[in-house]
Amino acid sequence: MRTVETAQTFLTAAEVDALVGDYLAGMGVKALAERYGIHRATVFSHLRRRNVPSRRPGLGIDEKAEAVRLARAGVSMRAIGRRMGVDRKAVRVALVEAGLIVDDTDDSRLDRLAGSDLTD
């Protein structure tokens, strides 16, 4: 006989409406999962079923400025990400936008490489 380790939590339509409202107001998925007592994947499922566009995780304008300030002070991207609660990729995007690091996917760089002796 199989046993269930944790009880499932089913949300009412009104609770899903509230969850969607909280998400659209800016609340994060992790906080929503904790508030409604459900798994993060379930939060995404409810949002997807309601055709709510997903937010791309990243940094706001003020957070980007802080990331740039920290990077100029010598703090690593990983440490900045930990401090701000985002992954290293989000920090990297902010630093590329600020011109602190060069984006390797830049087309002009690829064109320069294509014209070099490396392609002969």
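The values are calculated or read from the model by the stated rules, or taken from the named source; none is laboratory data. What you see is a predicted model; the values in this text were computed from it and never measured. Heads up, the Cβs are rebuilt from the backbone with ideal geometry, glycines too, and the neighbour counts pull from every protein chain shown. Just so you know, the surface numbers come from the protein's heavy atoms only, side chains and all, with ligands and any DNA or RNA stripped out. Shrake-Rupley method; radii C 1.70, N 1.55, O 1.52, S 1.80 Å.
Sequentially through region 28-34, phi angles give Karplus couplings (6.51, -1.76, 1.60; θ = phi - 60°) of x, 4, 4, 5, 5, 4, 5 Hz, Gly and Pro residues having no value and appearing as x. Mean sequence separation of contacting Cα pairs (under 8 Å, at least six apart), scaled by the length of region 5-66, corresponds to a relative contact order of 23 percent. Computed from the Cβ-Cβ distance with R0 of 25 Å, the FRET efficiency linking Arg78 to Arg35 stands at 0.30.
By accessible area, using a 1.4 Å probe on protein heavy atoms only, region 14-99 has 50% of its surface on carbon and sulfur.
Sorting Ile38, Ile101, Ile61, Ile80 on solvent-accessible area from highest to lowest, probe radius 1.4 Å, gives Ile61, Ile101, Ile38, Ile80. Surface calculation, 1.4 Å probe, protein heavy atoms: Lys64 sits at approximately 60 Å² accessible.
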